[in-house]
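First comes the structure, then the notes that go with it.
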Amino acid sequence: MKIMIIDDDEDILRLFGEFLSKQGFDVEPYLEPLKALEEIENNPSRYSLIITDIRMPGISGIELIKKVC
């Protein structure tokens, strides 16, 4: 299972990434939500789960998920 984590706070991103990796998940972290959106649009079936912060620069997590769906 490939999980994308999107958060503009590097410490939170690292914490979630380490926790999920230790649980055996394949994690791909993104600090920049617009780059994450580009990756999702280019590879729509690559990720089983997307975890995102709500408040981020450029695009909110809610807007990002609306674009993905």
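For this structure, a couple of remarks:
- Carbon/sulfur fraction of accessible area - region 6-66, other protein chains in place, 1.4 Å, %: 52
- Length, then width, then depth: along the principal axes, the Cα atoms of the chain run 30, 26, 15 Å.
- Each label was represented as a point 7 Å from its Cα along the Cα-to-Cβ direction; for E28 and R14 these points are 2.3 nm apart.
- Straight-distance crosslink candidates among lysines, where the alpha carbon sits under 29 Å from K67 and sequence neighbours closer than 8 are dropped: K2, K35
- Region 26-68 and region 1-17: distance between their alpha carbon centers, rounded to Å: 11
- Under 5 Å, built H, 5+ apart or other chain: amide partners of I5: E28, Y30, I51
- Reachable aspartates and glutamates from K66, criterion Cα separation under 16 angstrom, eight or more residues apart if same chain: E38, E39, E41, D53
The values are calculated or read from the model by the stated rules, or taken from the named source; none is laboratory data. Predicted model, so just to flag it, every value in this text is computed and none were measured. Here Cβ is always computed from backbone atoms with ideal geometry, including for glycine, and neighbour counts include all displayed protein chains. Surface areas here come from the heavy atoms of the whole protein model, side chains and all, with no ligands, DNA or RNA. Shrake-Rupley method; radii C 1.70, N 1.55, O 1.52, S 1.80 Å.
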